[in-house]
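Following: one structure in structure tokens, then a few remarks.
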Amino acid sequence: MTTTETPFVLRIDDPAAVASPLLGGKFGSLAEMTAAGFAVPPGFGVTTSAYRYFLAESGLAAAARTVRAEARGADLARVQELSAEFSAEIEGAAVPAALEDAIRSSYARLEQEAGTADLPVAVRSSGESEDLAGASFAGQYDTFLWIRGADDVLTHVRRCWAGMFGPAVLTYKPEATADAVLADHGICVGVQRMVEARSAGVMFTLDPVTGDRSKVVVEGCWGLGEGVVGGGVTPSRFVVDKVTFEVVRRELTPQESAYGLDPATGVVGLVPVAEDRHELPCLTDEEIDSLARLAKRIERHRGAPQDIEWAVSEAGDVFVLQVRPETVWAQRRAEQLVAAPKSAVGHVLARFSGTGVASGNRSS
């Protein structure tokens, strides 16, 4: 189902999904990874077009612009009030029938492909503004794990839409221009089959501490990667040589609890780790090797250092959950190139770094 111009839903294995702005930054990257043959859990995006259609049909589009504009100069208490009021309006609004049908049928297709009714899925926000130059909205938007059933999927899609107006987003002040931040950015909501992770975490195709590009650094824990990404669990850390794939440093952290589905509550939270795993590394040497080689392949494919979220299932299958360009060291290298004394080579390098070349002299 579509609006007059663009689809409400786009699967990440659809050839049209590659480089589509309709999927936002996060889910667009996963469509690219899927097309390139990497193991990405199947899913679909409720597109930025669907979000705008929802706001228009529910009569909330003008109010959304007003909330963003008023929040820009308001104090925190007023921002929180604006956020709570407008989020409640979004979460309480009906999803237009055509859009609801598109989401339900796409979720039903995932169930059918998996052979599982009430298939558990992750529902993740993927904003257009995640790609703003000078802005990094990572961590500002919402992710909901282990969502089951079409009704709950629809509920959490609305919650992701409401997350566009959370206090953290409304008060975020990136380096991008004010006009860019206040623009009417849309959001895609990704609905993706959950990986029942035995172990999960993040990895970097350079050392995030030193910037050393000859290393891959893998950080992981038992259970879902929320433990690492959200900071709730201290991960084990493995530093791998990018050429020989030798593990040159191990920092093992005993782990007695992990993020997973709590059977008592039916929601994701901290649950006990099996006692026989407390002192064991969350990854075997073979899995560390596989992850490091995967990281190197992704970096080669994307042409620059990357931050990668990954999961390993109980069966030992490795999945890519998220890929984004590394920004900290890339920005530092760009600044060094711009600040360096001018030369023909320096000028070319600065251009390739994606930054402007500084004019005039800089004092030391």
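Tabulated values for the structure
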read-out	value
Some residue of the range 26-38 being in a helix (DSSP H, G or I), at pLDDT below 95 and open to solvent by 50 Å² or more (accessible area, probe 1.4 Å)	no
Sole exception among (1) of a type in the set (D, E, K, R); (2) touching a helix residue (DSSP H, G or I) at 6+ places or on another chain (Cβ under 6 Å); (3) modelled with pLDDT of 95 or more for Glu128, by number	(3)
Residues of the range 162-207 classified as among the basic types (Lys, Arg), at pLDDT 90 or above and open to solvent by 40 Å² or more (accessible area, probe 1.4 Å), total	1
Residue that is surrounded by the fewest Cβ atoms within 10 Å (Cβ to Cβ) [pool: residues in the range 39-74 that are β-branched (Val, Ile, Thr) and part of a helix (DSSP H, G or I)]	Thr66
Residue match in the range 69-83 (condition: among the hydroxyl-bearing types (Ser, Thr, Tyr) and under 18 Å from Ser105 (Cβ atoms))	no
Top-ranked residue in the range 7-25 [being assigned to a helix (DSSP H, G or I) and in contact with a strand residue (DSSP E or B) (Cβ under 8 Å, 6 or more places away or on another chain); ranked as surrounded by the fewest Cβ atoms within 10 Å (Cβ to Cβ)]	Ala16
The listed residue being under 30 Å from Glu314 (Cβ atoms) and at pLDDT 95 or above, out of Val239, Val233	Val239
Residue selected from the range 71-109 under the condition under 16 Å from Leu170 (Cα atoms) and of a type in the set (Lys, Arg), by the criterion modelled with the lowest pLDDT	Arg72
Matching strands (runs of 3 or more DSSP E) fully within the range 228-297 where at least 2 residues are over 22 Å from Val323 (Cβ atoms), open to solvent by 70 Å² or more (accessible area, probe 1.4 Å) and without any contact (Cβ under 8 Å) to a residue 60 or more places away in the chain	247-251, 267-272
Cross-chain or 6+ apart pairs with Cβ under 9 Å, the range 303-330 first and free of Cβ contacts under 8 Å to residues at least 24 places away in the same chain, then not small (Gly, Ala, Ser)	Ala315/Arg198; Pro325/Arg302; Pro325/Pro305; Pro325/Gln306; Pro325/Asp307
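The values are calculated or read from the model by the stated rules, or taken from the named source; none is laboratory data. A quick note: this is a predicted structure, and the numbers were derived from the prediction, not measured. Cβ atoms come from the backbone with ideal geometry, glycine included; neighbour counts cover every protein chain shown. Side chains included, ligands, DNA and RNA excluded: accessible areas come from the protein's heavy atoms. Shrake-Rupley method; radii C 1.70, N 1.55, O 1.52, S 1.80 Å.
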